[in-house]
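Scroll down for the structure; my scribbles are underneath it.
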Amino acid sequence: MTWTPRDAGWIEVICGSMFSGKTEELIRRVRRAQIAQMKTIIFKPRIDNRYSEEHVVSHDKKKLISKIIDSTKEIMPNAKDAEVVAIDEAQFFEDDILDICKTLAKQKKRVIIAGLDTDYRGKPFGPMPQLICEADYVDKLRAICVVCGNPATYTQRTSKDKQRVVIGETDIYEARCRNCYEPPE
């Protein structure tokens, strides 16, 4: 049973590998808040322009209008009137996102964060480990391994790029289970 705090803010983290449905779940939660007539705002990093410049978009093309930001410093002034603050692709933001989320929750806001918990090397990604530790609720989603069909928790990069951040889709990433995942050399 999940208990929802009354007259309090909280932090929810949705994490997992690529293609696990993180953004889709974030959109679902925000839409439900909108149905409940709550004031919402969604932030996404400018670096993530795969599907849209002005929307958060899931792989299955569900979308909601979002505020594109270059820095976490833009969150607080833009979130002051919101009751629900959603942040997609949180792994790309600065580490101070943790303090911002804690401040928002102290202001009695519901904070919904989605992001990759690990990078293509299987290593913790950006501020996600700290956000997971601080969260009141954590959902780790799984994709389907493209090799064997088992539940997948790893993101396999299929290109030879060595940079940590390479924006892409099925053209350079696959969901893999623990047994089929091949860590880069």
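With respect to the conditions (1) touching a residue at least 12 places away in the same chain (Cβ under 8 Å); (2) part of a loop (DSSP other than H, G, I, E, B), GLU185 falls short on a single one, namely (1).
Inspect all residues belonging to segment 101-110 and state whether any of them is among the polar types (S, T, N, Q) and touching a residue at least 60 places away in the same chain (Cβ under 8 Å). Yes: segment 101-110 contains one or more residues that are among the polar types (S, T, N, Q) and touching a residue at least 60 places away in the same chain (Cβ under 8 Å). Taking segment 123-152 as the range and being closer than 30 Å to THR103 by Cα and either among the aromatic types (Phe, Trp, Tyr) or assigned to a loop (DSSP other than H, G, I, E, B) (or both) as the test, the residues that pass are LYS123, PHE125, GLY126, PRO127, ALA135, ASP136, TYR137, ARG142.
For (1) more than 13 Å from SER20 (Cα to Cα); (2) of a type outside the set (Asp, Glu), each residue gets a yes or a no:
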site: PRO124; (1), (2): yes, yes
site: CYS133; (1), (2): yes, yes
site: LYS140; (1), (2): no, yes
site: ARG157; (1), (2): yes, yes
site: ASP161; (1), (2): yes, no
site: VAL165; (1), (2): yes, yes
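I'd like the full set of residues that are part of a loop (DSSP other than H, G, I, E, B) and of a type outside the set (S, T, N, Q), limited to segment 58-89. Scanning segment 58-89 gives HIS59, ASP60, LYS61, LYS62, ASP70, LYS80, ASP81, ALA82, GLU83, ASP88, GLU89.
Throughout, read-outs are computed from the coordinates displayed, never taken from laboratory work. As the structure is a prediction and not an experimental result, all values here were calculated from the model. Virtual Cβ from ideal backbone geometry, glycine too; neighbours counted across all protein chains shown.
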